[in-house]
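Below: one structure, written as structure tokens.
Just so it is clear, none of the values below were taken in a lab; they were calculated from the coordinates. What you see is a predicted model, and the numbers here were worked out from it, not measured in a lab. In this analysis, Cβ positions are derived from the backbone assuming ideal geometry, glycine residues included, and neighbour counts consider all displayed protein chains.
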Amino acid sequence: MEHEGFIVPPPGLIPDTVEAPPRPAPAVPPAAFPTFRPVAPAAPPPQPVVPAAEAAPHGPWILSLDDGQRFQVGGSLVLGRDPAPLPVRPHAALVPVVDPAKSVSKTHAIIDLEGAELSITDLHSTNGVLVTGAQGAEHDLAPGERVVLAPGDRVELGSFAVRVDRV
């Protein structure tokens, strides 16, 4: 035997090559793919009608004091019963207020106009400064504290009121 360890079939038992007739390709039905239809978007929920906010006034700031004074703010103002000039604001206008209750200190507060922003600072007054916003929120200033004012604010120097407006 020529092939050691193998069994060799006798000649002619197994044909050398077999010619098989070509097989037809199996008929596979085309696969059905799922189809998707775009869904029309649902209408957004109706939005409440909100009136356009009124534009904030950009005119001059106006202060209306309890003692009847009314004036336009053009710079820094020192308010008090007998206000003294401040070294840090030598050009600030001095605005004496008539307060029969004497709840306003001699030099009570300073109002500053810087650009379009109006602010008030408590000058370590005896009876303090209270700012009440147009919506009713109150802010009691600490001595030396500065707060930005908005149109409609009410400022109380002791029991003396100042109304802040912008036209």
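Taking the condition under 19 Å from Ser64 (Cα atoms) and more than 23 Å from the chain's Cα centre (by Cα), does Val129 pass?
Numbers: under 19 Å from Ser64 (Cα atoms): yes; more than 23 Å from the chain's Cα centre (by Cα): yes.
Here the answer is yes, as Val129 does meet what is asked.
Return the total of residues in region 68-107 being surrounded by 13 or more Cβ atoms within 10 Å (Cβ to Cβ) and either within 23 Å of Arg166 (Cα to Cα) or in contact with a Phe, Trp or Tyr (Cβ under 7 Å, 6 or more places away or on another chain) (or both).
17
So, of the residues in region 117-141 that are in contact with a strand residue (DSSP E or B) (Cβ under 9 Å, 6 or more places away or on another chain), polar (S, T, N, Q) and closer than 27 Å to Pro87 by Cα, which turns out to be surrounded by the most Cβ atoms within 10 Å (Cβ to Cβ)?
Applying the filter and picking the extreme gives Ser125.
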